[in-house]
Amino acid sequence: MLLGFLVCSFGILTLILSHNHSLTDRILSHIPVPGPKTSLAADPGLVKQMRMETVKAHLTYLSDREPTMVVTASVTNDALLPVANLVSEATGFVDGKAVASRSGRCGRVVSTRLLGRMRSEELNVLQNIGPPAHVSTPPGEELTCQVMLTGSRAEEFDRVEFRIVSVEPLRNHHHPRFASWE
């Protein structure tokens, strides 16, 4: 009877913790183990928990006839905590050598029609503007990332690589409290 009660209690606790990640992190942060590993926010593999899907690249021309390779991807947050400030990077290759690279924050997408109306200087300014600070991606949600590679070599790319460079836990995420061993 006692064993059945313990198994049932463990099952209920497991269900609660697997569905409420902030509670799980709060409980883990109170475990008296020294070091930063007690918080899910300190996970060094947070970038690896961002799943890229439907990566697309296409060539378009700006209003000043500057060729631009537009790389767009859907990124899903598979981490157990909300994240912000996703930064992606696209690299264009010609004959196996990287000839162009650009990074940008996720959350801002420009249509091909609007790109056709912009000059290269305007696009550079736009790419340096980040999305609003409150943009976050909860667990399981999807965010669109877009990076544009401009320049005369954009027409010659034989391969384009796209990757997530960095990601941060949401600012208001609960930070760990460490036990005092005095």
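Where a number appears in this text, it was derived from the coordinates with a stated rule and is not lab data. Please read all numbers here as calculations on a predicted model, not as lab measurements.
A few remarks follow.
- P(r) tail fraction, region 47-169 - alpha-carbon pairs more than 24 Å apart, %: 27
- Relative contact order of region 47-169, defined on C-alpha pairs under 8 angstrom at six or more residues apart (%): 41
- Normalised contact order of region 46-113, rounded percent, pairs of Cα under 8 Å and 6 or more residues apart: 24
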